[in-house]
Structure formats: structure tokens, C-alpha cells
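In what follows, a structure is listed as C-alpha cells, so that the remarks can point back to it.
The values are calculated or read from the model by the stated rules, or taken from the named source; none is laboratory data. Keep in mind that this is a model prediction, so the values were computed, not measured. With ideal geometry, Cβ positions are generated from the backbone for all residues, glycine too; neighbour counts draw on all protein chains shown.
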Amino acid sequence: MTIYAQWGNNPGVHAASTMMLGHIQTNSVSMFTNLCSLLFNTNLSVTAPNVFQLFAGALPDMTVSVGSTQTTDYSEDLMQTLFHELGHASLFHKVGQVYWTGVISQITWNITQYASTSINYPYGAGTETLAGLIQINEAWAEFIGKEHHRRFHPNGQTIVWSMGIKQGYPNAIENDRWFFNLWINTGIFYDLLDPANNEMNDGLDNFSIQNMYNCFGPNTNGFCDFRAKFLQNNSSENTTTMNNLMQNQNQWNGNCFNGWPNPIKL
């Protein structure tokens, strides 16, 4: 993988992304040009052609931004961010280039439509044409980032998006129902992974990360498709139990029956 590291103007760990442009064979340079134009408000191929050619010769698979005061010492936050991004990269290898091009296209469109201060920036409102791709991509990455953080630092703390606070493990995992917005239901993965804990609507327990990963593919256009593949791969499990688990995560199973978000099948 080709990884770009960059300095930010403020302390701490900033934005990161996993575009996988070095692994996309079609239109990767034009996608990189569009993203640069949106993020830097300039066409680098015109304003800085030598720099652009340097970038184009080694297109980034991942970018990570840290603050100007960030030291080279180990950071829990940075480790969690990197595992989040590696979660994206792992998904890329299951879903393929066409799928990933859809992810980039949808995020690029979102950036043009929503103000940077909007809760819908940059992942969208969950109603866009390819919102299901964003849902799976971000939910999986956040799950992978936090689960590996928990394994390395069981006494650590992490931001719980659905509560807006930092919490220690294991409560952070249990309470983290969604990432960034209600429709990115990362809590579904946690409920499948965790041991039996007598929760009313969590009757599926101790499924491995590999088991969940095997449910992804080029046609996993959202959690509704994930549910179907999970039940196909685990045929001994009760469909109602899976439906109840997903329904407990922001009524997601009902959303499947209501046709959300009516995504285009890639």
C-alpha cells in the first residue's frame, strides 16, 4: 500500500482516508484530480504540475493527517485510526474495484452537496443513491478500528458516537450503536461478536470477525444484503433472531423491508 502522511495545523490526529487509488485500474488519476480540487480548491495538474505528476506516479491508497505537535511516539488514537483505515482496505479486497469506485464517487458527490459543518458531511444523509455502500464501508471500518483498539488497550477509552462521549471498554463497545450518523449501524457487528449477555434482542453471539468478513462481496450494497448473506452462510441460525438483532439497532431490519435506500445494484 502507498500511504501519504501529512501534517495538520492543530494538535492530535486528524482526518484519514483509504481511497485505494493505487489499486484501482480505471479512472484513478481523474478521481484523484477531482478529490484534490475539492479538498484544496485548486487543480494541481494546472497550478502545480510537477507536484501533481509526482503524486500521479504513486497514487495514495491511504492518507493520514496528524497535528503539527504530534510526536513520533506511539499514540492510542493514531493506532485506532490506522486500524479503522485498514478496515477499509480489508473490505476493498472483498468488494472489488467497481464497488470502491462507487464509494469514492458517492463521497465526492456528498462533499459538493453538504457544507463541511453539516452532520451529513462527508458520508451523506443515508438517502443518496449509493448510501448503502457508505453504510457498510464506514460501519465495518469503525468496528475493526475499535475492536483492535480494545484488544490492544482493554483499559483504554474511545469516543462513543451514539452517546457523544468517551467511555472505557467494554461499555464503549456495547453502547456504540452507530458511527457518525444513525444509519451507519456499526453496533450490528458488535452484537454478533460479543458473548451471550442476556440482552433481550441479541440472541446471536460469538461470531468471529472472519465469519462476518465472509459475508461481504461485490453485491453487498448495505446491511440488508449483509443480513441475507449472513443467514445464507450460517443456515442453522434463526432468521427471526437476526431480524430482532438488527431491529434493535435503530430499527434497521424494518428499514430493509421498507426498501431503504433502494440502492442501485452494482
Exercise. Out of 71, 117, which single residue is loosely packed, with under 15 Cβ neighbours inside 10 Å, modelled with pLDDT under 90 and among the hydroxyl-bearing types (Ser, Thr, Tyr)?
Worked result: 71
Exercise. Among all residue pairs at least 6 apart or on different chains, which show Cβ distances below 6 Å where the first residue, located in the stretch 88-104, is in contact (Cβ under 8 Å) with a residue 40 or more places away in the chain and the second is assigned to a helix (DSSP H, G or I) and aliphatic (A, V, I, L, M)?
Worked result: 88/141; 102/133; 104/31
Exercise. What do you reckon, is residue 50 over 17 Å from the mean Cα position of the chain (by Cα), on the phi > 0 side of the Ramachandran plot and assigned by TED's automatic domain parsing to the domain that holds residue 26?
Worked result: no
Exercise. So which residues in the stretch 179-198 are in a loop (DSSP other than H, G, I, E, B) and surrounded by 14 or more Cβ atoms within 10 Å (Cβ to Cβ), if there are any at all?
Worked result: 179, 180, 181, 182, 183, 184, 185, 186, 194
